[in-house]
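Derivation of every value follows stated rules applied to the coordinates shown; laboratory data play no part. What you are looking at is a predicted structure, and each value in this text was computed from that prediction instead of being measured.
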């Protein structure tokens with residue numbers, strides 16, 4: 001007599017096989033998506049580091065400032081200030097220096113007025129946001145990319161920091177292939193101080209201390225991190241706790257967080 005349908009055992013075998021296949025396929029798909037986002041991130045940083053070095057080339061090899069509000073309080077960047085006025089410094093960030101089409105020189109006061117009136121307000125801020133990060137507070141400053149302000153310095157002399165002053169010339173940089181200028185970051189500014197033991201960590205903007213970290217660094221587990229970015233800080237943003245970093249020689253590379261911290265200058 002011919003039997004119709006499947007037995008219970010056969011159905012269970014089919015279900016088990018489907019479950020096994022899903023267990024193999026879904027993680028592979030997730031990993032592929034993560035690597036795809038990482039590639040977009042690398043592309044963003046490649047554009048940013050190219051714009052940074054282009055800016056320097058047009059300004060007597062002088063790199064842009066990491067942040068500058070000294071004397072320019074009345075000259076807002078095109079599109080307005082970045083971040084929240086109650087917790088973020090209001091001025092010109094490294095992003096503002098390089099995120100325009102014209103790349104007009106803006107290292108001195110006379111050029112600021114020219115740039116502010118001549119540059120189109122069309123911004124490319126999406127290219128300054130990592131696709132693997134959460135868009136905290138809808139802010140380009142939080143949870144995306146950071147400039148190494150040991151190099152792209154803070155211009156305001158009122159900031160109590162060892163990293164204030166004029167940014168150096170590219171010709172004076174030592175070991176540019178190992179010196180990162182931009183990287184995945186919790187905040188728009190980062191330095192080697194974020195890699196120090198917790199008790200030694202200080203950040204000039206105390207209201208943003210919980211964003212001051214390098215994603216995937218093991219020591220972040222003992223730091224005070226913004227709750228929405230805790231996973232980003234501790235587990236890492238990209239595959240295998242790697243961060244995408246742009247170096248002073250124009251190279252962009254996924255680098256283990258611990259290795260980037262060890263080689264930080």
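At a glance:
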{"item": "Alpha carbon convex hull of the range 194-259, volume per residue in cubic angstrom", "result": "100 Å³"}
{"item": "Largest-first ellipsoid semi-axes for the range 122-265, taking √(5λ) over the Cα gyration tensor eigenvalues, angstrom", "result": "21, 18, 17"}
{"item": "Length added when fully stretched, residue 17-residue 196, from 0.36 nm per residue minus Cα-Cα", "result": "59.6 nm"}
